[in-house]
There are 2 protein chains.
Amino acid sequence: MERITMAHGSGGKSGAELMARIFGKHFKNEILDKMEDAAVLEINGRIAFSTDTFVVTPTVFKGGDIGKLSVCGTVNDLLMMGAVPKYLTCGFVLEEGLDVELLDKIVASMAETAGKAGVKIVAGDTKVVEGHGGLFINTTGIGIIPENRDVSAANCKAGDKIILSGTLGDHHACILSARMNVENNIKSDCAVLAPICNALFDNGITVRTMRDVTRGGLGTIINEIARTSGVHIDLAEESIPVNDDVSGFCGIMGLDPLYMGNEGKMIIIVPGEQADRALSLVRSTEEGKNAAIIGTALDAEKASVTMTTRLGGSRVVDVLYGEGLPRIC
Amino acid sequence: MERITMAHGSGGKSGAELMARIFGKHFKNEILDKMEDAAVLEINGRIAFSTDTFVVTPTVFKGGDIGKLSVCGTVNDLLMMGAVPKYLTCGFVLEEGLDVELLDKIVASMAETAGKAGVKIVAGDTKVVEGHGGLFINTTGIGIIPENRDVSAANCKAGDKIILSGTLGDHHACILSARMNVENNIKSDCAVLAPICNALFDNGITVRTMRDVTRGGLGTIINEIARTSGVHIDLAEESIPVNDDVSGFCGIMGLDPLYMGNEGKMIIIVPGEQADRALSLVRSTEEGKNAAIIGTALDAEKASVTMTTRLGGSRVVDVLYGEGLPRIC
């Protein structure tokens, strides 16, 4: 097995050979191929600009790997601002001992996901550190925001409906199962959310707010939106979709899907009168086929989130506190 | 001593508190404060887009720290394309056990350097991993390229002169000294190179190529330019400035300053007839006060780099091969 050594990070010939052989091969495009200190791009208008570093272990899991995840994560962050993702940079930190074949597979997966998402990888950097054969990937992206789109966590208004694009907890439960060597059928939901966004914008839906439901889970993210928009959001527990396998796993583990990370789920907030049409548009996509309307925004003196439980009671939904599961993304 | 724990990376309340207390405090600006999934920026024209991850150990060294370095590095990469650096994202990977006070100091250093460089930090991300209390920082930047600037590693022509902005090897020798616990006065040259670039552009110099002399050293970088531009570059050994302390240290260690990394040095390639004026402009800046004309580009059937030695001989200058010193940046 060929392994990464410190020499690959020294800026010399070994590093250059590795770059050409793996990154150059998979990421080939006319901008990256120039090998300048920076990519030169022509841009006009409003852009979204976002960064994310991925440290997930294991690096390969059911439904994806750290490479696919690193592209989905940043592309989704751009989409959530109403942008059309265009360009990515990637920064690799490779731990000494990393299997070069595994790196090649991960980079191929990034290239494939970038291709599907319509983004070009235009600049990169690689460092090597001591460690145990793992890797970290930073991706930073630029997307173009078409005119007339105004999507923000501050835009949610009383009367708006909250749509969740699918089941909660799949990615988190998948990573936790892998780490604990539990055998089950739970797959990460890791996906590019562009089809859902396109279905909504192409059909003239007034999208107030979008947010992908990642680290911290729905509970944390919905609180951020309530606070930023200054509204009270009431969720209906029975409407929140959770996979049977995930639900069973969470029951045994004592986990709450409300605080679990996902990598291919989003919430969409739309005016109440457009909610049914928006829901059927989201459901028309593969990524959003299990979507549901899960709550309503209400006027409030103080921003807050509550949940009407299955038994008809009402409880406050707080943000995630404490540990959660680290290194899920 | 307060230390980073895995809970700081889980996406919940502890992470949010840390972000507000450290990143929010130092990086405060109207774009970052919105806390959206991505920063929204208005951009028109050609931009430079570049990424770099910093893994230097020790994280604090004479003349700087990983925070200052992480801003200088990416800002300099943008400058090298003729761009005016504008926006940065930063992605932190914190190792469990990291001293929170040290993190605060590093983040303050980033903010100070960003302020001096005129760039805003507009988006960020933090992850926590197991480890030994260290940290990695990715910065990705956008700069605007003013019209009529065409700076590229492909633009060097026969007759052009190569200017080096100062002494070689300072950063590399500083980091190596710190790692080996050698007492000396060698300081990192870590600096934002904007004053040099501004002096040249503001005075109408035709800048063909600029490149900061980082990992791989002058030997590697000058070879990349020769290859990309298809020229033969001949360097004059006696004209290459090296600090006396660095020169002494390299002699003892058996190191060649030609392959050592720097973090505040650049080469500038200009038409021969503008070389003397360009040199005096570079020398008029603090960052470029020790600049020198170190070589000439010549017509060539095959791209290559040679050096006329102190003794009058000529030798081929190849790229760095093998180890170098890892984790210098």
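The values are calculated or read from the model by the stated rules, or taken from the named source; none is laboratory data. Remember, it's a predicted structure, so these values are computed and weren't measured experimentally. Neighbour counts are summed over all protein chains in view; Cβ atoms, including those assigned to glycine, are modelled from backbone coordinates with ideal geometry.
Filtering the range A:167-211 to residues that are in contact (Cβ under 8 Å) with a residue 24 or more places away in the chain, among the hydrophobic types (A, V, I, L, M, F, W, C) and assigned to a loop (DSSP other than H, G, I, E, B) leaves A:LEU168, A:VAL182, A:ILE186, A:CYS190, A:ALA191, A:VAL192, A:LEU193, A:ILE205, A:VAL207.
To keep it simple, each residue is scored yes or no on (1) in contact with an Asp or Glu (Cβ under 7 Å, 6 or more places away or on another chain); (2) more than 14 Å from chain B (Cβ to nearest Cβ).
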site	(1), (2)
A:GLU112	no, yes
A:THR126	no, no
A:GLY131	yes, no
A:GLY134	yes, no
A:THR140	no, no
A:ALA154	no, no
A:ALA158	yes, yes
A:LEU164	no, yes
A:ALA173	no, yes
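Evaluate the range B:127-136: report whether one residue or more is part of a strand (DSSP E or B), outside the structural domain of B:CYS174 (by TED's automatic domain parsing), closer than 26 Å to A:ARG149 by Cα and aromatic (Phe, Trp, Tyr). No - not one qualifying residue is present in the range B:127-136.
The residues listed here are B:ASP202, B:ASP160, B:ASP125; of these, the one that is at pLDDT 95 or above and more than 16 Å from B:PRO271 (Cα to Cα) is B:ASP202. The single residue among B:VAL107, B:VAL122 that is in contact with a helix residue (DSSP H, G or I) (Cβ under 6 Å, 6 or more places away or on another chain), in contact (Cβ under 8 Å) with a residue 60 or more places away in the chain and part of a helix (DSSP H, G or I) turns out to be B:VAL107. Being charged (D, E, K, R) and without any contact (Cβ under 8 Å) to a residue 60 or more places away in the chain is a description that does not apply to A:GLU96.
Within the range B:163-187, the set of residues being at pLDDT 95 or above and among the basic types (Lys, Arg) comprises just one member, B:LYS187.
State all residues of the range B:261-271 that are part of a loop (DSSP other than H, G, I, E, B) and crowded, with 24+ Cβ neighbours inside 10 Å; if no residue qualifies, say none. Those that are part of a loop (DSSP other than H, G, I, E, B) and crowded, with 24+ Cβ neighbours inside 10 Å: B:GLY261, B:ASN262, B:GLU263, B:GLY264, B:LYS265. When B:ALA300, B:ALA275 are screened for being in contact with a strand residue (DSSP E or B) (Cβ under 7 Å, 6 or more places away or on another chain), at pLDDT below 95 and not polar (S, T, N, Q), only B:ALA300 passes. Taking A:ASN148 as the residue in question, decide whether it is touching a Ser or Thr at 6+ places or on another chain (Cβ under 9 Å), polar (S, T, N, Q) and outside any helix (DSSP H, G or I). Spelling it out, it is not the case that A:ASN148 is touching a Ser or Thr at 6+ places or on another chain (Cβ under 9 Å), polar (S, T, N, Q) and outside any helix (DSSP H, G or I).
For the range A:219-260, the set of residues classified as in a helix (DSSP H, G or I) and of a type in the set (Gly, Ala, Ser) consists of A:GLY219, A:ALA226, A:SER229, A:SER239, A:SER247, A:GLY248, A:GLY251, listed by residue number. Against the list (1) among the polar types (S, T, N, Q); (2) surrounded by fewer than 24 Cβ atoms within 10 Å (Cβ to Cβ); (3) under 30 Å from A:GLU147 (Cα atoms), the condition A:ASN181 fails is (3).
Every condition in (1) within 14 Å of chain B (Cβ to nearest Cβ); (2) out of contact with any strand residue (DSSP E or B) (no Cβ under 6 Å at 6 or more places or on another chain); (3) surrounded by fewer than 19 Cβ atoms within 10 Å (Cβ to Cβ) holds for A:ARG21 except the one numbered (1).
Can we say A:MET35 is touching a strand residue (DSSP E or B) at 6+ places or on another chain (Cβ under 9 Å) and either under 27 Å from B:ASP318 (Cα atoms) or away from every other protein chain (no Cβ under 13 Å) (or both)? When the stated conditions are applied, A:MET35 does not pass them. Where strands (runs of 3 or more DSSP E) fall wholly inside the range B:272-329, the ranges with 2 or more residues that are of a type in the set (Gly, Ala, Ser) and either under 25 Å from the mean Cα position of the chain (by Cα) or crowded, with 17+ Cβ neighbours inside 10 Å (or both) are B:292-298. Among residues of the range B:86-119 being in contact with a Leu (Cβ under 7 Å, 6 or more places away or on another chain), more than 17 Å from B:GLY9 (Cβ to Cβ) and not hydroxyl-bearing (Ser, Thr, Tyr), the one that is surrounded by the most Cβ atoms within 10 Å (Cβ to Cβ) is B:ALA114. Tell me, yes or no, whether the range A:222-229 has at least one residue that is among the charged types (D, E, K, R), closer than 21 Å to A:GLY82 by Cβ and in contact with a Lys or Arg (Cβ under 9 Å, 6 or more places away or on another chain). Yes, because at least one residue in the range A:222-229 is among the charged types (D, E, K, R), closer than 21 Å to A:GLY82 by Cβ and in contact with a Lys or Arg (Cβ under 9 Å, 6 or more places away or on another chain).
Here A:THR89, A:THR74 are screened, and the one residue that is farther than 25 Å from A:GLU17 by Cβ and among the hydroxyl-bearing types (Ser, Thr, Tyr) is A:THR74. Looking only at residues of the range B:39-82 that are within 7 Å of another protein chain (Cβ to nearest Cβ) and part of a loop (DSSP other than H, G, I, E, B), we find that the one that is surrounded by the most Cβ atoms within 10 Å (Cβ to Cβ) is B:MET80. Applying a threshold of 7 Å to beta carbon distances and a minimum spacing of six or more residues, or different chains, the list of pairs starting in the range A:259-276 at a residue that is assigned by TED's automatic domain parsing to the domain that holds A:VAL207 and ending at one that is at pLDDT 95 or above and among the basic types (Lys, Arg) reads A:MET266/A:ARG211; A:ILE267/A:ARG211; A:ILE269/A:ARG208; A:VAL270/A:LYS161; A:VAL270/A:ARG208; A:GLY272/A:LYS161; A:ALA275/A:LYS161.
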